[in-house]
């Protein structure tokens, strides 16, 4: 009987020590595996959104297998030209355009998604027509164009029934583009090549070139601060090169 009581006391003491130690009887690896699984799930849930923050510029080439990462939507603009744009970017543009139309401003999609081969054609045409210096100011080297992403759009203006799509003519429409730029962030767009930022973007001012980043909050921060996408990402290049 005394042995039984003694055994009971010993077992009780052991139980008390384990309880006071704060250690769980569950193996530690189970907790770590659960935490790791939760992190992996979070990363997986955000993976599809990561494409919208991709940086493609003179220093950063289009990622491998990019066409497999995006869903392109097609359509036809007001002047009968077909286009391809990343699906969410197109939906956002259509809302932006409808908003601007209420104020009598009509913008339409001009240049959108481009293959590397098509970019080469544009480069050759600009070089032949306006010279290499001009081409380097406004046209990206094939493989390094943001238009390859499907997230970049160039717009044209339709004013008094006339299409304005020449670069110099659009730059002259300062008042209209100032109003357009104020609305961009509301729909997740930023002005990709702001005025006076040539040393960072490597491109001359392009009031018509917008970039979709799928985040109104980030777009507002970039536009309100007047910074470039490179500056926001902390990817300001030491040396700049060609153009958009």
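Bear in mind that the values in this text are calculations on the coordinates, not laboratory data. In this text the structure is predicted, and so the values were computed from the model without any measurement. Here Cβ is always computed from backbone atoms with ideal geometry, including for glycine, and neighbour counts include all displayed protein chains.
Remark: spin-label model distance residue 79-residue 216 equals 3.2 nm, labels positioned 7 Å along the Cα→Cβ axis.
Quick check on the exposure proxy: order 134, 83 from fewest to most C-beta atoms within 10 angstrom.
In increasing order of surrounding Cβ atoms, one gets 134, 83.
Protection proxy ranking of 62-75, 201-214, by the mean of other Cβ atoms within 10 Å over each peptide's residues and highest first, is 201-214, 62-75.
As a proxy for reagent exposure, ranking 145, 50, 111 by other Cβ atoms within 10 Å from fewest up yields 50, 111, 145. A straight line joining the Cα centroids of segment 47-115 and segment 118-158 runs 15 Å.
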